[in-house]
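Remarks on the structure that follows.
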Amino acid sequence: MDQNLQRISLEQSNADDDLISRALGEPERTLPDSEWDAGDMGCGELVFQLRLRLNPMRPGQLLKLTARDPGVPEDLPAWCRLTGHHLTYADHPIYLIRRKEG
């Protein structure tokens with residue numbers, strides 16, 4: 001392999017950690033703008049507090065949520081669908097939520 005091509009390939013593989021490839025090939029920021037550890041908070045209180053935390057954020061900003069309640073894996077995706085926020089990552093107990101546009 002040509003050394004210049006090899007160097008370019010290496011540079012591309014070492015791209016910024018905050019960019020990932022989306023389904024359409026567009027870069028998406030994955031470093032959170034805010035983080036919140038909700039601990040074992042139950043889902044009712046969690047979604048209320050989550051709304052209060054997302055409201056002051058700008059559209060498109062990312063919140064990293066740590067939530068250990070066993071109901072979160074089912075309740076959080078449903079809440080995001082209802083409210084228009086985008087759940088970009090879910091691996092209990094870590095979740096990334098992108099604030100809805102507008």
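Report the local net charge at Asp40: Lys and Arg +1, Asp and Glu -1, summed over other residues whose C-beta lies under 15 Å from its C-beta. Local charge sum for Asp40: -3. Under the convention that each Lys and Arg Cβ holds +1 and each Asp and Glu Cβ holds -1, the size of the dipole of the range 25-75 around its Cα centre is about 240 debye. Give me the one-decimal Kirkwood hydrodynamic radius in Å for the range 18-98, with the sum taken over alpha-carbon pairs. Final number for the Kirkwood radius of the range 18-98 is 12.9 Å.
Bear in mind these aren't lab numbers, they're just calculated from the coordinates by the rules spelled out. Owing to the predicted nature of the structure, the values given are computational and were not obtained by experimental measurement. Cβ atoms come from the backbone with ideal geometry, glycine included; neighbour counts cover every protein chain shown.
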